[in-house]
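A short worksheet on the structure shown next.
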Amino acid sequence: MRVLGHAYISIMDSKELKSQYDKLLKDLDFDKLELGLKNPNIFEILRISKKEIRHSNFLSWLLDPNESHKLGDVFLKRFLREVASSERFNMDQADIEGMDFSNAEIRREWRHIDILIVLSDTVVCVENKVLSKEHSDQLKRYKEVVKKEFPKHNKVFVFLTPEGEEAENESDSYEPISYSFIVDTLERIVSVYDESLSVQVRNYVKDYITVIK
């Protein structure tokens, strides 16, 4: 009976999977995504779509108000607003508007931290996980480093993953953010600022959206 029970569950799972797949094939967005993946994509061409360090590099570029994308602090503000929406941090979304980003510093691989956002009175530590997992108490070590190096700053810790998963360790300290948020934010930025973006930057951002999806 147990074997039959498992077989029945497997059949039900199979039917549900087929039903979901049928819905996907009829989804207009899926067709658009499939078409986008068939077009030349700079991230796929360079074979860096699954390399964690390259994702961190591109996100750091977008987060830096002084970089060549000419978006200023638009992406940085939206990222910080998402972080500030968490109740675990002493930040308010309304406070973001009043912050001075002219001297914002975006550090890559500083003390092995993927992305570090340093503002006048706030520091945001971002651990980015695309395919890899946590190891060697790294989240705890990063937290200790930030606390030691920035004792007077408001300290924020972010765990960025494709699905917005909670950190296995230090979950009380790290706010989970998903790549879905990154996609939604970039799509909104392209929609609003489309005419002011250079063709090259627009193509980079659109290619990145496609790769994440």
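Estimate the FRET efficiency between L131 and R111 by the formula 1/(1 + (r/R0)^6), using the beta-carbon distance for r and 25 Å for R0, to the nearest 0.05. Walk me through the numbers before you get to the answer.
Values: r = 23 Å, r/R0 = 0.90.
Given R0 = 25 Å and the Cβ-Cβ separation, E is 0.65.
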- Item | Surrounding net charge for I182, when Lys and Arg each add one and Asp and Glu each subtract one, Cβ distance under 15 Å | -2
- Message: Using a 1.4 Å probe on the protein heavy atoms only, what accessible surface does R188 show? Give it in Å² to the nearest 10.
- Response: 140 Å²
- Message: I want to check the label-to-label distance for N103 and K147. Put each point 7 Å from Cα in the C-beta direction and report it in nm to one decimal.
- Response: 2.6 nm
- Query: In nanometres, what is the gap between the two model label sites at Q138 and R202, each 7 Å from Cα along Cα-to-Cβ?
  - Reply: 3.7 nm
- Item | Length gained when the stretch N154-I212 is fully extended (0.36 nm per residue, less Cα-Cα span) | 17.8 nm
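Let's test the formula: R0 of 25 Å, r as the Cβ-Cβ distance of E67 and V192. What FRET efficiency results, to the nearest 0.05?
Working: r = 18 Å, r/R0 = 0.74.
Step by step, r from the Cβ atoms, then E = 0.85.
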- Compute the Cα gyration tensor for segment 118-198, then decide on rounded, prolate or oblate, letting a ≥ b ≥ c be the square roots of its eigenvalues: rounded whenever a/c is under 1.5, prolate when a/b is larger than b/c in the other cases, and oblate in all that remain. oblate
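For the full complex of protein chains and a 1.4 angstrom probe, list E127, E67 by accessible area with the highest value first. Show your work: numbers first, answer last.
Numbers: E127 5, E67 70 Å².
Most to least solvent-accessible, the answer reads E67, E127.
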- Area of K15 that stays accessible when all protein chains are in place (1.4 Å probe, Å², to 10): 130 Å²
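Need the full-extension length gain, Q20 to E52, defined as separation in residues times 0.36 nm minus the C-alpha distance. One decimal, nm. The partial results should precede the final answer.
On the way: separation 32, 0.36 × 32 = 11.52 nm, distance 2.95 nm.
Fully extending the segment from Q20 to E52 adds 8.6 nm.
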- Query: Using θ = phi - 60° and the Karplus form 6.51 cos²θ - 1.76 cosθ + 1.60, what ³J(HN,Hα) does each residue of segment 105-115 get, whole Hz, x for Gly and Pro?
  - Reply: 10, 10, 9, 10, 6, 6, 6, 6, 7, 4, 9
- Message: Taking 10 °C and 1.306 mPa s as the conditions, I'd like the Stokes-Einstein D for segment 76-213 in µm²/s, using the Kirkwood hydrodynamic radius from alpha carbon pairs.
- Response: 99 µm²/s
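The values are calculated or read from the model by the stated rules, or taken from the named source; none is laboratory data. Note that the structure is predicted; figures quoted are calculated from it, not measured. As a convention, Cβ positions derive from the backbone with ideal geometry for all residues, glycine included, and neighbour counts pool all protein chains shown. For the accessible areas, the whole protein counts, side chains as well, though only heavy atoms, and no ligand, DNA or RNA atoms are used. Shrake-Rupley method; radii C 1.70, N 1.55, O 1.52, S 1.80 Å.
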